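One structure is given here, and the rest of the page talks about it.
Since every read-out is calculated from the coordinates, none of them should be taken as a lab result. Just so it is clear, the model here is predicted, and its values are computed rather than measured. As a convention, Cβ positions derive from the backbone with ideal geometry for all residues, glycine included, and neighbour counts pool all protein chains shown.
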Amino acid sequence: MNLRRLLPDRLLAALLLLLTAIPALRAMSVIPPTFAELVAEADAIVRARVVSIQPYLDRTALGEVVRTRVTFEVETTLKGRHEGGLTLEFLGGEVDGRGLRVPGMPTFAPGATEVLFVTQQGAGLCPLVAAGHGRYRVLTDRASGREFIARNDATPLASEHDVQLPFSNAAALVRPGAAGLSPTVFSARILAELERATGNRQTR
């Protein structure tokens with residue numbers, strides 16, 4: 001597992017042990033990626049709609065851990081070969097009166113549309129590149145009806161390079177849709193970065 005993104009594998013077992021006794025943890029420690037890194041490190045990049053959310057108890061050798069299984073319907077694939085349904089599992093959630101909250105872990109709502117940078121490196125914790133830095137919301141400005149891209153903390157994404165900025169604690173103070181990229185522009189810049197990276201590899 002990439003040490004710059006999520007906890008290394010050798011610490012995961014210890015983390016799971018702590019989680020059986022602690023309902024909430026400090027925010028996950030991740031270093032925000034650059035836009036180029038975000039695109040490169042994703043195994044798949046998709047625009048998808050949340051279909052269902054299913055928290056459950058995962059019975060591990062270290063005890064029971066709450067996880068949440070989120071199923072998406074893929075609308076557009078920008079990288080990888082995902083079509084139709086996509087199911088991702090996230091650490092945390094609430095089931096049968098038992099809850100586990102991991103600050104910084106993305107949470108979803110049925111019907112929401114998301115742009116996801118999916119990675120296999122986060123198996124067991126978070127399947128997105130750099131956790132919340134790998135999730136972008138497709139929101140609608142109520143005043144204009146315009147769709148825009150927002151970060152995990154609901155702050156409008158004004159530029160693709162802003163993916164590497166720390167999350168703001170004052171996201172609610174930002175006027176929704178004030179400067180967020182449109183989904184079309186965001187997708188075009190992702191595809192342009194993929195093309196740029198492919199061109200660089202071919203010229204080496």
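Key figures
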read-out	value
In Hz, Karplus ³J(HN,Hα) per residue of the range 98-105 (6.51, -1.76, 1.60; θ = phi - 60°; x = Gly, Pro)	10, x, 9, 10, 10, x, x, 6
Separation of alpha-carbon centers, the range 110-160 and the range 48-87, rounded to whole Å	15
Cleavage-rule hits (trypsin sites (Lys or Arg not before Pro)) in the range 79-139: DSSP loop, at most 16 neighbouring Cβ within 10 angstrom	Arg81
Sites Ala109 and Arg189 - FRET efficiency at Förster radius 25 Å, r taken between beta-carbons, to 0.05	0.45
HN-Hα J in Hz across the range 129-145 - Karplus 6.51, -1.76, 1.60, θ = phi - 60°, x for Gly and Pro	4, 6, 6, x, 6, x, 10, 10, 7, 9, 10, 10, 6, 5, 6, 9, x
Charge context of Thr77, other residues only, Cβ under 9 angstrom, K/R +1, D/E -1	+1
Residues with amide H under 5 Å from that of Ala112, placed H, sequence gap 5 or more	Val50
Given charges at Cβ of Lys, Arg, Asp, Glu: the range 49-106 dipole, positive-most of Gly63, Gly99, Leu78	Leu78
Residues Ser52 and Arg142, FRET efficiency given R0 of 25 Å [Cβ-Cβ distance, rounded to 0.05]	0.45
The range 38-86: equivalent-ellipsoid semi-axes (sqrt of 5 x gyration tensor eigenvalues, Cα, Å)	27, 15, 7
Distant-in-sequence amide H partners of Thr155 (H built 1.01 Å from N, under 5 Å)	none
